[in-house]
Amino acid sequence: MATDSWAQAVDEQEAAAESVSINLRCFGLLCFATSLVSEDKAAQSLLNKLIRNNLVNTTNQVEVLQKDPNSPLYSVKSFEELRLKPQLLQGVYGMGFNRPSKIQETALPMMLAEPPQNLIAQSQSGTGKTAAFVLAMLSHVDPNNKYPQCLCVSPTYELALQTGKVIEQMGKHYPEVQLVYAIRGNKLQRGMKLQEQIVIGTPGTMLDWCGKFKFIDPKKVKVFVLDEADVMIATQGHQDQSIRIQRMLPKNCQMLLFSATFEESVWNFAQRIVPDPNIIKLKREEETLDTIKQYYVLCNCKEEKFQALCNIYGAITIAQAMIFCHTRKTAGWLAGELSREGHQVALLSGEMQVEQRAAVIERFRDGKEKVLVTTNVCARGIDVEQVSVVINFDLPVDKDGNPDNETYLHRIGRTGRFGKRGLAINMVDSKMSMNILNRIQEHFNKKIEKLDTDDLDEIEKIAS
Ligand SMILES: Nc1ncnc2c1ncn2[C@@H]1O[C@H](COP(=O)(O)OP(=O)(O)OP(=O)(O)O)[C@@H](O)[C@H]1O
């Protein structure tokens, strides 16, 4: 086994990381570094939204903390129970929703109650938060009043557009209700007053439209939604801007805040935005390796790893696979080799803009490409539950070269009993990577079987 391929790969990555940090230090661009982190969070959130095409299931129960603990707790098992406007019920069913998701069961009655109740809700991405607050906004709007009544702030332009799409879909049979985007680049004439009932945008532009330009009369707003609070506070300035918008709204305006995670900083921010809240939390389902078949393949170099991959593809039918590489260079090389072999390959690479990455993810989700090759940095935080085969072309390691168990679990693991059976194949090409594999195996106490990719019969067996 070669000993240098792994080391070389790490060296390359570290060299790249070092040059970035030197640049940052040289120019003192600390804020640039912060914005990179927040951009990363927003990008992750967007890509997760795009790759998913249905609800994330969970066996966990929602935890509810009511503002008034003596008032009865309502929860609904059907959309009919909510007495929605027929146009909205039609919109909901038109989207293929048969019944409320777990978080929606409790959140919707609270949000639709009279008088309106404030809410802070936390649950992982994909559990139905956006659909819930969109339904609440559409329900509270009076279409006869031609001025903004619901404001929704999102951390980025792309995320705002995604929420806007949900509003458009759900409100498809309710054309009297109109939507406008308060995003940079959407320039309105000075002095004009908006007629649309729902405004969705980023905090900076929303603040300008309410304050400086007065396109919106904040005193007439009935519902204020702050989405993706955890991503929001990662961007400098967004927290203050959001609070300044909130201060302009009337006391009886309904305040709703949503977040996928709930660390201390998010909680502090949430309490400043939402007075007297009801609080709903839904724990993230634990990922496990129980339903996953794990294998490793011994090779000497990246060319051999590629050959092993071709053998696997030759022997079993793989609907869609995600392949993780350690460096951009390897990912680019592998994608090239695979497409030369006639595979439809998508490459997710670090130098791509978020829109480009989004386009790649969307094509992959729609099945236009069958293989997605990516670096870990690029795919960090992306949930790939629907992909049944995951290949670690390079094993995940942290910056010190130790096994990155968390990343391994996230790439390969599935949640609870809803997880489909999966297949994971790890490529080992050095003593070092064998050691990493052994340590991963020990950590999870789950055997990773050896696979001989020169033996077609053996490969065929893994698919059964
Ligand atoms: N009641 C429902 N029944 C079936 N599908 C639903 C339901 N509610 C939402 N969905 C779908 O599930 C997916 C996730 O929903 P949604 O986007 O609202 O979740 P989220 O918690 O806001 O996650 P994210 O913040 O990542 O968007 C979407 O594809 C949405 O259309």
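No lab work stands behind these numbers, since they all come straight from the coordinates. From a predicted model like this one, the values you see are computed outputs, not experimental measurements. Please note: Cβ atoms are built from the backbone with ideal geometry, for glycine as well, and neighbour counts cover all protein chains shown.
Once you list every other residue whose beta carbon is under 13 Å from the beta carbon of residue 115, what net charge do they have if Lys and Arg are +1 and Asp and Glu are -1? Write down the numbers at each step before the final one.
Values: positive: 67, 222, 251; negative: 68, 114, 276.
Result for the local shell: 0.
Could you work out the local net charge near residue 279, counting Lys and Arg as +1, Asp and Glu as -1, over the other residues with Cβ closer than 11 Å to its Cβ?
0
Per DSSP helix of 4 or more residues, -39500 (n - 2.57); summed, then divided by the residues of the chain. What does that give at 222 nm, rounded to the nearest 500?
-13000 deg cm²/dmol
Would you list which aspartates and glutamates come within 13 Å of residue 220, measuring only between C-alpha atoms, while excluding same-chain residues fewer than 8 positions from it?
142, 196
Specify the angular offset, from 0 to 90 degrees and rounded to the nearest 10, of the alpha carbon long axis of helix 354-365 from the longest principal axis of the alpha carbons in the chain.
70 degrees
If you take the square roots of the eigenvalues of the alpha-carbon gyration tensor of segment 302-358 and sort them as a ≥ b ≥ c, do you get rounded (a/c under 1.5), prolate (a/b over b/c) or oblate?
Prolate.
Checking the cross-link filter: which aspartates and glutamates have an alpha carbon closer than 13 Å to that of residue 446, excluding same-chain neighbours under 8 positions apart?
290
Can you tell me the length gained on complete extension of the stretch residue 443 to residue 60, counting 0.36 nm per residue apart and subtracting the Cα distance?
Working: separation 383, 0.36 × 383 = 137.88 nm, distance 2.52 nm.
Full-extension gain reported as 135.4 nm.
Among 434, 232, what is the fewest-to-most ranking by other Cβ atoms within 10 Å? Show your work: numbers first, answer last.
Values: 434 16, 232 28.
With the fewest neighbours first, 434, 232 line up as 434, 232.
Please state the shape class of segment 229-299: rounded when a/c is under 1.5, otherwise prolate if a/b exceeds b/c and oblate if not, all from the C-alpha gyration tensor.
prolate
Which one of 153, 209, 66 has its Cα pushed farthest toward the positive end of the charge dipole of the chain, where Lys and Arg give +1 and Asp and Glu give -1 at the Cβ?
209
Near residue 193, which aspartates and glutamates are there with a Cα under 14 Å away, not counting those fewer than 8 places off in the same chain?
The qualifying aspartates and glutamates are 208, 217.
Over segment 283-419, what is the relative contact order in percent, taking alpha-carbon pairs closer than 8 angstrom and at least six residues apart?
Computed value for segment 283-419: 36 percent relative contact order.
Any of 49/85; 329/399; 41/102; 102/293; 305/329 with alpha carbons more than 19 Å apart? Name them for me.
With Cα atoms farther than 19 Å apart: 49/85; 41/102; 102/293.
Which GluC sites (Glu not before Pro) does segment 273-305 hold that lie in a coil by DSSP with at most 12 other beta carbons within 10 Å?
286
For each of 461, 251, 329, count neighbouring Cβ atoms within 10 Å of the residue's Cβ, then give the residues from fewest to most.
251, 461, 329
Defining a contact as two alpha carbons under 8 Å apart and six or more residues distant in sequence, what relative contact order in percent does the chain show?
Averaging sequence separation for qualifying contacts and normalising by length gives 20 percent for the chain.
Tally Lys/Arg at +1 and Asp/Glu at -1 over every other residue whose Cβ is under 11 Å from the Cβ of residue 61; what's the total?
+1
Assuming 0.36 nm per residue, please report the length gained on full extension of the stretch residue 89 to residue 73 beyond their Cα-Cα distance.
Length gained, residue 89 through residue 73: 3.5 nm.
Can you give the alpha-carbon Rg of segment 182-316 over 2.2 N^0.38 Å, where N counts its residues?
Cα-based Rg divided by the globular estimate yields 1.69.
Which semi-axes, in whole Å and largest first, does the equivalent ellipsoid of the chain have when worked out from the alpha carbon gyration tensor as the square roots of 5 times its eigenvalues?
44, 25, 20
Can you bin segment 65-176 into rounded, prolate or oblate? Criterion: square roots of the alpha carbon gyration tensor eigenvalues sorted a ≥ b ≥ c, rounded for a/c under 1.5, prolate for a/b above b/c, oblate for the rest.
Since a/c stays below 1.5, the shape of segment 65-176 is classed as rounded.
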